[in-house]
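Just so you know, all these numbers are worked out from the coordinates, no wet-lab data involved. All values derive from a computational prediction rather than experimental measurement. Reconstructed Cβ throughout: ideal geometry from the backbone, glycine too, with neighbour counts over all protein chains shown.
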Amino acid sequence: MTAKSLPQGLHPDTLAVRAAVDKSQYGENAEALYLTSSFVQPDAATAARRFAGEEEGYTYSRFSNPTVTSMEQRLAAMEGTEACIGTASGMAAITLMCMGLLKAGDHIICSQSVFGSTIRLIAGEFGKFGVQSTFVSQTDVAQWQAALRPNTKLLFAETPTNPLTDVCDIAALAAIAHVAGALLAVDNCFCSPALQQPVKLGADLVIHSGTKYLDGQGRVIAGALCASRQLIDEKFLPVMRSAGLTLSAFNAWVVLKGMETLSIRMQAQSANALALANWLQQQPEVARVHYPGLASHPQHELAMRQQSGLGGAVVSFDVKASDPAQARQRAFHVIDSTRVCSITTNLGDTKTTITHPASTSHGRITEAQRQAAGIGQGLIRIAVGLEHTNDLTTDLARGLRGLDALR
C-alpha cells in the first residue's frame, strides 16, 4: 500500500507513536512482527546485490529485520540521531561500540561510576586485547581533561549514574572530547529520550539498555546504539554482521510498542520518585538520599537543565549505620521487609524494584572500585514505578522503623 510520509518537525512524543517502517500491503495499524530468520529473494541477481550492499532489501535477520528497523528508526527519531542499531542487550550495545571504535593501543576514558558490568567489560575484557582505559570522577571535568592521552579515542559516561544518580556535564565532556579528536558516548538509560537527548548537548553516540524504560514493563532484554549514519554504516554494521550481537524481532517489537507510552510513564514515575525522595529525606533512619530532583543533590541545577526539568525515576539512599557490616545488615532488613516492592536488580519497570547495589549490580567489581564510586554497604536503590506513593512509603517505613530492633 502507499504509505503516508510523516511531516518534518514532529514532537518526540508523536515520533514515539508514529516513527516506523512503511506498513505492509495489509495496512496494519500496529507495527507488524516479522518472525522470520531469512527473506526470499525474487531472483539470484537481486540476492547478490542485496548481500553485497548494493541494493536495499532484507536478506537475513542477523543483519536486519523490518521489525528491528522500525524500533531503530523510532529510537533514532526520538534521540535526534541520524541512525540507530538494535542489539541483543545494553551490554551488547557497549560491546559493539568498543569493537567498532577501538583497537589495541587505543585509550578510553570512562566514568568510575558506571554500571559494574561496564567497568568489568572495558577494564577487563577489552583490556585483554590491548585497549587502555582510565576511570575518572563522573562529575570532575578537570579529571576528564587530565586523563587525555594522544591515543584517546573515546570518552564514555552514563548520566545519571547507577546507582548514585551522579550527573555529568554532557556539553563540557563533549567539548573536551572533540578538541582531542575523540568521540563522546553517553549511556542514556536512566533518562531515556523522554527526558534527555545527549546529542543535542554535543554527544556523538547514545547507548541504551532497551530492557529498562524503553520497554517499561520488564518483559525483554534489548539494547541500542544511536549515532550518525556514517558511524552506524562504517563502524558498527560490519561488526554486527560478523559478531551477531543481534536484537531479536520479537524483543524489538516489544520495545517498539513500549516506546509509545515512554513519555507519559517517565513523567508519572519521575513525579512518584520525587515524592518518595522527599519522604525519605525526612526519615531519621536515612543518612542520605541521592536523587537529581532534590535541591540537595550536588548536580541538581545541571540535572534540571539536561533532563527536561525532571529527576528521573531512580532514587538511592543510605541507611544510618556505625560500620559496613551493620550497614549491610540494616540495608538487607529494609529490603526484606518490603511487601510491595520487587527485590530485583532490574529497573525501568512499571513495578517498583528495590536492590542492594554493593552485593548485586556492583557485586562483581572490587571493593576499591565500589568505594571510588561511592557505593557503600548501606546503600539501597529504588527504581520507582507506578504504584501509589502512599503504598510505597508504607512499604519502606515497615523496614526503616524496624531498624531499632537490630541495635
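General remarks:
- FRET efficiency for the pair Val340 and Arg49, taken as 1/(1 + (r/R0)^6) with r the Cβ-Cβ distance and R0 = 56 Å, rounds to 0.50.
- The GNM of the chain, with springs linking C-alpha atoms under 10 angstrom apart, assigns the highest mean-square fluctuation among Phe115, Phe135, Phe250 to Phe250.
- Rounded to the nearest whole Hz, the Karplus-based 3J(HN,Hα) values (6.51 cos²θ - 1.76 cosθ + 1.60, θ = phi - 60°) of the stretch 159-171 follow the sequence 8, x, 7, 9, x, 8, 6, 5, 10, 9, 7, 4, 4, with x at glycine and proline.
- Restricting the stretch 10-68 to trypsin sites (Lys or Arg not before Pro) in coil, as DSSP defines it, with at most 16 other Cβ within 10 Å: Lys23, Arg62
- Cut-off under 5 Å, modelled amide H: who pairs with Thr355 long-range: Arg381
- Taking Cα centre as origin and charging only the Cβ of basic (Lys, Arg, +1) and acidic (Asp, Glu, -1) residues, the dipole magnitude of the stretch 218-268 rounds to 100 debye.
- Gain on full stretching of the segment that runs from Ala372 to Ser38 - 0.36 nm per residue minus C-alpha separation: 115.5 nm
- Projecting the Cα atoms of Thr344, Ala45, Leu256 onto the charge dipole of the chain, computed from C-beta unit charges around the Cα centre, puts Thr344 farthest toward the positive end.
- Between 0 and 90 degrees, the angle of helix 66-79 with respect to the longest Cα principal axis of the chain falls at about 60 degrees.
- Anisotropy class of the stretch 135-239 from Cα gyration tensor, a/c 1.5 cut: oblate
- Using the Cβ-Cβ distance between Glu234 and Gln282 with R0 set to 45 Å, the FRET efficiency works out to roughly 0.25.
- Amide H partners (placed H, <5 Å) of Ala83, local residues excluded: Ala227, Arg229
- Choice from Thr95, Thr394, Thr69 showing the highest fluctuation, given a GNM over the chain with Cα pairs closer than 10 Å: Thr394
- Tilt relative to the chain, helix 389-400 - C-alpha long axis, 0 to 90 degrees, to 10: 50 degrees
- Per-q log10 I(q)/I(0), the chain, q = 0.08 Å⁻¹ (Debye; single scatterer per alpha-carbon; no solvent): -0.44
- Gyration tensor verdict on the stretch 367-407 (Cα atoms; rounded if a/c is under 1.5, prolate if a/b is larger than b/c, oblate otherwise): oblate
- Backbone HN-Hα couplings from phi across the stretch 205-211 [Karplus 6.51/-1.76/1.60, Hz, Gly and Pro as x]: 9, 10, 9, 9, 9, x, 4
- Computed 3J(HN,Hα) for the stretch 293-301, one whole-Hz value per residue from the Karplus formula 6.51 cos²θ - 1.76 cosθ + 1.60 where θ = phi - 60°, is x, 8, 4, 6, 5, x, 10, 4, 4, glycine and proline marked x.
- Extension reserve of the Ala104-Gln25 stretch, reckoned as 0.36 nm per residue once the Cα distance is removed: 23.6 nm
- Rounded FRET efficiency, nearest 0.05, which uses the C-beta distance separating Ser242 from Lys351 and R0 of 25 Å: 0.10
- Three-way shape call for the stretch 319-382 based on the alpha-carbon gyration tensor, with the a/c threshold at 1.5: oblate
- Annotation: extensible slack from Ala271 through Ala175 equals 31.3 nm (criterion: 0.36 nm per residue apart, minus Cα-Cα distance).
- Over the stretch 54-119, equivalent-ellipsoid semi-axes from the Cα gyration tensor in Å: 27, 15, 12
- All other residues whose Cβ lies under 12 angstrom from that of Ile207 are scored, Lys and Arg at +1 and Asp and Glu at -1, for a net of -3.
- If the Kirkwood radius is taken over C-alpha pairs of the stretch 190-232, then at 4 °C and 1.567 mPa s the Stokes-Einstein diffusion coefficient equals 115 µm²/s.
- Among Ala222, Ala76, Ala172, the largest mean-square fluctuation in a Gaussian network model of the chain (Cα springs under 10 Å) belongs to Ala172.
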